[in-house]
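The values are calculated or read from the model by the stated rules, or taken from the named source; none is laboratory data. Since this is a predicted model, take the numbers as computed values, not measurements. Note that we place each Cβ from the backbone using ideal geometry, even for glycine, and neighbour counts take in every protein chain shown. Keep in mind that these areas ignore ligands, DNA and RNA; they rest on the heavy atoms of the full protein, side chains included. Shrake-Rupley method; radii C 1.70, N 1.55, O 1.52, S 1.80 Å.
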Amino acid sequence: PTAVAFVTPSSSPTPLSLPGSFPEAADVDPGTGVGEVDIGFSMDEVRKVWGEPVSQDEMLQGFLWSYGKDGDLSCNLMFDSETKRLITLAVFDPRFTVDGETEAGVNAHYDKILEAFPGPTTKSEIVLDYNNDGIYFSFGSTRDGPEVVRDGICKAVIVYQPGHTEWGPEPPGP
């Protein structure tokens, strides 16, 4: 006798993030990671959680993977060139909130981030770096003719291992 399997539609709702797929939104955890992906993960571990990146580049300092939805860049991941372990995650999507603070992430104003997270280790017009916590906020600027105008709006949130800021005032970006 031959067994026949019937598949019926499930009545359970589809989760926001299926295993092996990039999430629609996630919490940014300073010094730890983004959503289910943590600093120190191997490339294979990231693939199991978020699937294949939309782009991959080999760079002098490591491997850069990019993730996003519907053609929009949401996140860059940098892996160490030797260990191939995740060393930084840069988030560019406002749906990714920092510690659940909806007013402290991408598109948030400089003052709101300072209010939510006082005491940065490095502070300038374009940077709030919390080296002891492993999180870095990068702020944008625009050009008005030959003049650069700081807009005070967060363009990227970078998560890294606490105590290991490896760049100057300009973080790795899209």
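Here are a few things to note about the model shown:
- Extended-chain gain in nm, criterion 0.36 nm per residue less alpha-carbon gap, S42 and E82: 13.3 nm
- Surface exposure of the stretch 77-164, expressed per residue as accessible area with a 1.4 Å probe, stands at 50 Å².
- Inter-label distance, L114 to E52: 4.6 nm, where each label sits 7 Å from its Cα along the C-beta direction.
- Accessible-area composition of the stretch 68-149, carbon plus sulfur, in percent [1.4 Å probe]: 43
- Cβ-defined net charge surrounding D93, 14 Å radius [Lys, Arg +1; Asp, Glu -1]: -1
- Relative contact order [Cα under 8 Å, 6+ residues apart], the stretch 46-151, whole percent: 11
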